[in-house]
Amino acid sequence: MSQLAVSDLTVEFRSGGYIVRPVNQVSFAASDGEFVAVLGPSGCGKTTLLSCIAALMTPTAGCIRFDATEVTALAGRARAQYRRHTVGVVFQAFNLIPSLTANGNVVAPLHLAGVPRRAAAQRASELLERVGLADRARHRPGQLSGGQQQRVALARALVHEPPLIVADEPTAYLDHTQVEEILQLLHGLAAPGRMVLVATHDDRVTRLADQVVELVPRRTASGREPEGVVPADDLVVGRRDMARSSLLKEKTRL
Amino acid sequence: MYVSALQRARDFAVLKALGSSSTLLFCGVAFQAVVVTLAAAALAVGVARILKPVLTLPVAIPMSAYLLLPVTSVVMGLLASGVALSRAVSADPASAFAAI
């Protein structure tokens, strides 16, 4: 039974002379088999939160645990192993490699993991069949519709049967019919042995969710800021020279 | 290799997000550079052999040149693909989430 625990997660970085804090002391937990919607308007930190959970980004403060693994403490090879075997990532823009066929895109992460060529091809065929694209295996991304590309991306995310799937606005570039197909597939993946986290601002996702994590950046960010820090918009919480107490500065000083 | 690296910056980020290590990407790009330059060297040797009897000007190609050419090509290829190698190693996997 997998468990995900996010505790007081904060991400800060510098951009254009400002300190940006897209994620501000976010905490939540998710259990095995759950379909979790991470909800919020554009720019509220959904993607950053998923990046940290998928070990693609290191937070400034806070902790992420997945089962016994402290994700935020992983580095080097252990981090790559976690990305390879524990997390399956589905991107908003599909991010298939354009020079490879659908089959080649699914095979690629298997090759990275050292799976023999024949076994990798067999596994890719099984997964493409599972997402209903067995007959499009030799097509390149440019020859597939958006929904089909996202299904290939889903098959790619499943190559190692990871216990955690994170999907960043997976329906953003799809039409109504394609959205339903992808949501059905994603929802079906949230079963014993796996949890699915979907960042979205689409109500159709939240209606399916077992749990909704809502990020409200302006209220949470400005409410916690010390004097002298002026929230400029949903993201920017303080100018560099004003944010004396910022976590980024504290960390830099250490 | 330079242009190819610029075009594939996003692919490097995606591959890292899928679990590829920097070392693995470095080796992959370096291998491609070696294959491309060795193929170019082989082509050059073939063309030289074809043209040598055709040219009116006497041309002498010592055997050492044939041996040195692949080595020089590989070294030059790896140096020329330095940018590609650097891009592969430094690709930020989180950038794969950026919308197009």
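Readers should treat all values here as calculations from the given coordinates under stated rules, not as data from a laboratory. Since the model is a prediction, treat every value here as computed from it, not as a measurement. Don't worry about glycine lacking a Cβ; one is built from the backbone with ideal geometry, like all the others, and counts go over all protein chains shown.
Per-residue shielding of A:68-80, expressed as the average number of other chain Cβ atoms within 10 Å of the residue Cβ, stands at 1.
In terms of surrounding Cβ atoms within a 10 Å radius of their Cβ, A:SER51, A:SER7, B:SER81 rank from fewest to most as A:SER7, B:SER81, A:SER51. In chain B, the DSSP-assigned H stretches of four residues or longer account for a calculated mean residue ellipticity at 222 nm of -24500 deg cm²/dmol, using -39500 (n - 2.57) per stretch and the full residue count as denominator.
Each of A:ASP175, A:ASP67, A:ASP168 has some number of other Cβ atoms within 10 Å of its Cβ, and from fewest to most they run A:ASP175, A:ASP67, A:ASP168.
Determine one quarter of the surface area of the Cα convex hull of chain B, which equals its mean projected area, and express it in nm² to one decimal.
On the way: hull surface 31.8 nm².
Averaging across all directions leaves 8.0 nm² for the Cα convex hull.
Panel values: the range A:93-161, Kirkwood radius from alpha carbon pairs, Stokes-Einstein at 10 °C and 1.306 mPa s, translational diffusion coefficient 139 µm²/s. Apply the Debye scattering formula to the protein assembly as shown, with a single equal point scatterer on each alpha-carbon and no solvent, then give log10 I(q)/I(0) at q = 0.08, 0.10 Å⁻¹. Relative scattering, expressed as log10 I(q)/I(0), comes to -0.47, -0.68. Could you check the simple spin-label distance between B:CYS27 and B:VAL75, using points 7 Å along Cα→Cβ, in nm with one decimal? Each label point lies 7 Å from its Cα, and together they span 2.5 nm. The string of couplings for the range B:47-53 from the Karplus curve (6.51, -1.76, 1.60, θ = phi - 60°) is 5, 4, 5, 6, 6, 3, x Hz, one whole number per residue in order, with x for Gly and Pro.
Quick check: net charge around A:VAL107, other residues with Cβ under 13 Å of its Cβ, Lys/Arg +1 and Asp/Glu -1?
Working: positive: A:ARG117, A:ARG118, A:ARG123, A:ARG138, A:ARG156; negative: A:GLU126.
So the environment of A:VAL107 carries a net charge of +4.
Put simply, the amide H of A:HIS139, placed in the peptide plane, has neighbours under 5 Å in A:ALA102, A:ASN103, leaving out anything fewer than 5 places away on its chain. Using the Cβ-Cβ distance between A:GLU214 and A:ARG140 with R0 = 30 Å, the FRET efficiency computed as 1/(1 + (r/R0)^6) comes to roughly 0.20.
Quick one: of the DSSP bridges fully inside the protein assembly as shown, what percent are antiparallel, nearest 5?
Working: 19 of 37 bridges.
That works out to approximately 50 percent antiparallel.
Going by how many other Cβ atoms sit within 10 Å of their own, how do A:THR177, B:THR72 line up, fewest first?
Ordered from fewest to most neighbouring Cβ atoms within 10 Å, A:THR177, B:THR72 come out as A:THR177, B:THR72.
Computed from phi, the 3J(HN,Hα) profile of the range A:112-118 under the Karplus parametrisation 6.51, -1.76, 1.60 (θ = phi - 60°) reads 4, 8, x, 6, x, 3, 5 Hz, with x in place of Gly and Pro. Between the range A:73-141 and the range A:30-62, the alpha-carbon centres lie 22 Å apart.
Amide H contacts under 5 Å for A:GLY88: A:LEU164, A:ILE165, A:VAL166, restricted to partners 5 or more places along the chain or on a different chain, H placed in the peptide plane at 1.01 Å from N.
Over chain A, dividing the summed -39,500 (n - 2.57) contributions of all DSSP H runs of at least 4 residues by the number of residues returns a 222 nm mean residue ellipticity of -10500 deg cm²/dmol.
Residue-wise HN-Hα couplings along the range A:20-37, as the Karplus relation 6.51 cos²θ - 1.76 cosθ + 1.60 with θ = phi - 60° gives them from phi, are 9, 10, x, 10, 10, 6, 8, 9, 6, 9, 9, 10, 3, x, 7, 10, 10, 9 Hz; Gly and Pro carry x. Summary value for chain A: 30 percent relative contact order, contacts being C-alpha pairs under 8 angstrom separated by 6+ residues.
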